[in-house]
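Heads up, the thing below is written out as structure tokens.
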Amino acid sequence: VATALGTMAGIAMHRYKLKLLTFMVLTPVAMPEILLGVSLLLFFIQVLNLTLGMLSIVLAHITFSIGFVAVIVRARLAGMDESIFEAARDLGATPWATFRRITLPLILPALVAGFLMSFTLSIDDFVITFFVAGVGVSTLPLQIYSMIKVAVTPEVNAVSTLLMALTLTLIFLASRFAPDVLKGRR
């Protein structure tokens, strides 16, 4: 979800150059995690009247991940020649066809990078999750934190090894099945 919304935000930031949009998208990236966690906690409880749980965790992770994806997509778009899009319009392509056949293939490396970045940051986040998790809801970082309060057990080592293996497997699969996409050639 953060990859899709971040892509739309990155395209909008590149295309429309609105300072308010850029400010709103990049604020969660620049804000300290503890401040963002407290802000989201207050927003969920006081404004949305939301019961803290898995939904609040998912919404919080989407909120802070959108900015990372948007920055990567916007940087990719900044390096592209605008005449490609003008040529598509001159040849009668609809906005959707231009996006599907030109923009999307060109920004695909940024989408993959943004997804991997948001996945890595989300699965590793403790501070924000700590504030927005409800009673009885536990994510992997919260579970590991509760396990290491006493001592580092073999379970913590095993989970850490599996997590590292998962991340490296995702990077390997991305480079194996789409090497041109990761190198920016397509």
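The values are calculated or read from the model by the stated rules, or taken from the named source; none is laboratory data. No experiment lies behind these values; they were computed from the predicted model shown. Here Cβ is always computed from backbone atoms with ideal geometry, including for glycine, and neighbour counts include all displayed protein chains. Protein only, heavy atoms only, side chains kept; ligands, DNA and RNA dropped before computing areas. Shrake-Rupley method; radii C 1.70, N 1.55, O 1.52, S 1.80 Å.
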field: With DNA, RNA and ligands ignored, accessible area of Arg15 (1.4 Å probe; Å², nearest 10)
entry: 150 Å²
- request: Quick one: accessible surface of Lys149, probe radius 1.4 Å, all protein chains present, in square angstrom to the nearest 10.
  value: 140 Å²
message: 7 Å from Cα along Cα→Cβ at both Lys17 and Val29: what's the point-to-point distance in nm?
response: 1.9 nm
field: Structure-derived volume of the Cα convex hull per residue in Å³: which label, when the choices are (i) 137; (ii) 112; (iii) 128
entry: (i)
task: Could you tell me which chymotrypsin sites (Phe, Trp or Tyr not before Pro) in the range 76-129 are loop residues by DSSP with no more than 16 other beta carbons within 10 angstrom of their beta carbon?
output: Phe126
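Taking only DSSP H segments of four or more residues, each worth -39500 (n - 2.57), what value at 222 nm results for the chain once the sum is divided by all its residues, to the nearest 500 deg cm²/dmol?
Taken over the chain, the calculation gives -23500 deg cm²/dmol.
Find the accessible area per residue for the range 13-61; the probe is 1.4 Å, ligands and nucleic acids are left out, and the unit is Å².
Normalised by residue count, the accessible surface of the range 13-61 is 68 Å².
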- line: By the DSSP-based rule, helices of the chain that are at least 24 Å long along the axis (C-alpha) and have a mean Kyte score of at least -0.5 are 54-78, 104-124, 154-177
- prompt: Of all the accessible heavy-atom surface of the range 87-186, with the other protein chains kept in place and a 1.4 Å probe, what percent is carbon and sulfur?
  reply: 69 percent
- request: Taking the Cα centre of the range 1-96 as origin, work out the dipole magnitude from +1 charges on Lys and Arg Cβ and -1 charges on Asp and Glu Cβ, in debye rounded to 20.
  value: 140 debye
